[in-house]
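S.K.: Quick one: this structure, given as structure tokens, is what I'll be asking you about.
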Amino acid sequence: MASKIVAFVLSVALVFAGTTSIANATLISTQQAVAVDARAQQEAQVREALAREDVSRMMVEMGVDPADVDSRVASLSDAELAELHGQVEQLPAGGVLAVLGVVLIVLIVLEVTGAIDIFKRA
């Protein structure tokens, strides 16, 4: 009887031995940590600019769902995000031209990434 119990325990141990996962931990460099932080700041500033009520209203008028914009900003590459952030930074604090510029930039990025099809192709 005792040998059957030992055999059962060993069988269970062998089954679960193959399913254990190994945790890998690595160090990241200071540059990598700064890059992650800089991207998060850029995303937050771009989202803040796009979350303005007048910008959201204009996007809806142009047929863009503001909920899609947030996910598209998250999917931008680092270079695309930096370019969009730079353009948002250069825009004046208010005014119709600033809003139209931001909306146009977002629409172009969404069109290029394939999220929307505003500029119909023949």
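S.K.: Please report, ordered by residue number, the helices (runs of 4 or more DSSP H) entirely within the stretch 1-91 with at least 2 residues that are charged (D, E, K, R) and surrounded by 10 or more Cβ atoms within 10 Å (Cβ to Cβ).
M.R.: Where helices (runs of 4 or more DSSP H) fall fully within the stretch 1-91 and carry at least 2 residues being charged (D, E, K, R) and surrounded by 10 or more Cβ atoms within 10 Å (Cβ to Cβ), they are 30-50, 53-61, 66-74, 78-90.
S.K.: Here is a follow-up. With the structure loaded, tell me whether T26 is closer than 30 Å to Q87 by Cα and without any contact (Cβ under 8 Å) to a residue 12 or more places away in the chain or whether it fails that test. Full working, then the answer.
M.R.: Values: closer than 30 Å to Q87 by Cα: no; without any contact (Cβ under 8 Å) to a residue 12 or more places away in the chain: yes.
For T26, the condition - closer than 30 Å to Q87 by Cα and without any contact (Cβ under 8 Å) to a residue 12 or more places away in the chain - is not met.
Since every read-out is calculated from the coordinates, none of them should be taken as a lab result. Fair warning: this is a prediction, and the values are worked out from it, not measured in the lab. Every residue, glycine as well, gets a Cβ built from its backbone with ideal geometry; the counts of neighbours run over all protein chains shown.
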